[in-house]
1. Students often get this wrong: which residues of the range 101-120 have the backbone nitrogen under 19 Å from the point 7 angstrom along Cα-to-C-beta of residue 55?
2. Express in nm, to one decimal, how much length is gained between residue 29 and residue 136 on full extension, taking 0.36 nm for each residue of separation and deducting their alpha carbon distance.
3. Per residue of the chain, what 222 nm ellipticity follows from adding -39500 (n - 2.57) for every DSSP H run with n ≥ 4, rounded to the nearest 500?
4. Compute the distribution of all C-alpha to C-alpha distances in the range 17-153, in bins of 10 Å from 0, and list the percent of pairs in each, rounded to whole numbers.
5. Counting only residues 5 or more places away or on other chains, whose amide H sits under 5 Å from the amide H of residue 22 once H atoms are built in the peptide plane?
6. Would you mind working out the accessible area per residue for the chain, using a 1.4 Å probe, and quoting it in Å²?
7. For the chain, give the percent of accessible area contributed by carbon and sulfur heavy atoms, probe 1.4 Å, rounded to a whole number.
8. Using alpha-carbon positions, what is the distance between the centroids of the range 93-160 and the range 19-57, in Å?
Amino acid sequence: MGQSLTEPVAEAAAPAELVLTGDLARPARLTVPDLLAWLQHEARVTFECATSGARHHRFAGPLLHDVLSAAGPVFDPARRKDRLRFLIAVTGADGHHALLSWAEIDPDFGRAPVLLAAVMDDTPLDRSGPQLVLPQDRCGARYVSGINAIRVDGGYGPWK
Ligand SMILES: Nc1nc2c(c(=O)[nH]1)N[C@H]1C(S)=C(S)[C@@H](COP(=O)(O)O)O[C@H]1N2
Ligand SMILES: [Mo]
């Protein structure tokens, strides 16, 4: 017998969750709907993939810097030098992984307008999870999709 039309369809899959961990005063778990509540920035980007050539996408979401700053990285915000030893490790659910330095996205240093995108080409990324968007990258490899963890780590140096 076929499935009854009156039965509810399978429950919608839970939205993907992203954990913010590491040297943070306020570690957090965030979903794509959570990210949509932040001030949204839009980026139209072109990047090159080594295997599939030029790609074009339109992304929207908060600045990575805004989201991570709210999680309270344990540096002294008034001391610029204190931020220079922090790294940001971004991991996708498939294990794809990229490192950024804090200074790269810091408005006092590299000022890269990196997004934690919640929407790609008008489609919310609820199921797969957010995507890292680096409008200044020529290559697509750091556009980590399906992000499930971001670790902020201030343990880098000085080495003795
Ligand atoms: N999670 C995850 N994100 C990833 C990758 C991957 O293997 N896993 N590949 C990267 C590479 S090499 C490229 S070029 C872009 C491709 O993005 P697109 O196929 O959505 O245009 O995704 C990037 N993000
Ligand atoms: Mo790629």
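The values are calculated or read from the model by the stated rules, or taken from the named source; none is laboratory data. All values reported here derive from a predicted model rather than from experimental measurement. Virtual Cβ from ideal backbone geometry, glycine too; neighbours counted across all protein chains shown. Calculation scope for accessible area: heavy atoms of the full protein, side chains included, ligands and nucleic acids excluded. Shrake-Rupley method; radii C 1.70, N 1.55, O 1.52, S 1.80 Å.
1. 113-120
2. Details: separation 107, 0.36 × 107 = 38.52 nm, distance 2.75 nm.
Stretched fully, the residue 29-residue 136 segment lengthens by 35.8 nm.
3. -2000 deg cm²/dmol
4. Reading the bins upward from 0: 13, 46, 34, 8, 0.
5. For residue 22, whose amide H was placed from the backbone, the distant partners under 5 Å are 152.
6. Value for the chain: 58 Å² per residue.
7. Numbers: 5050 of 9260 Å².
Carbon with sulfur: 55 percent of the solvent-accessible area.
8. The distance from the Cα centre of the range 93-160 to that of the range 19-57 comes to 6 Å.
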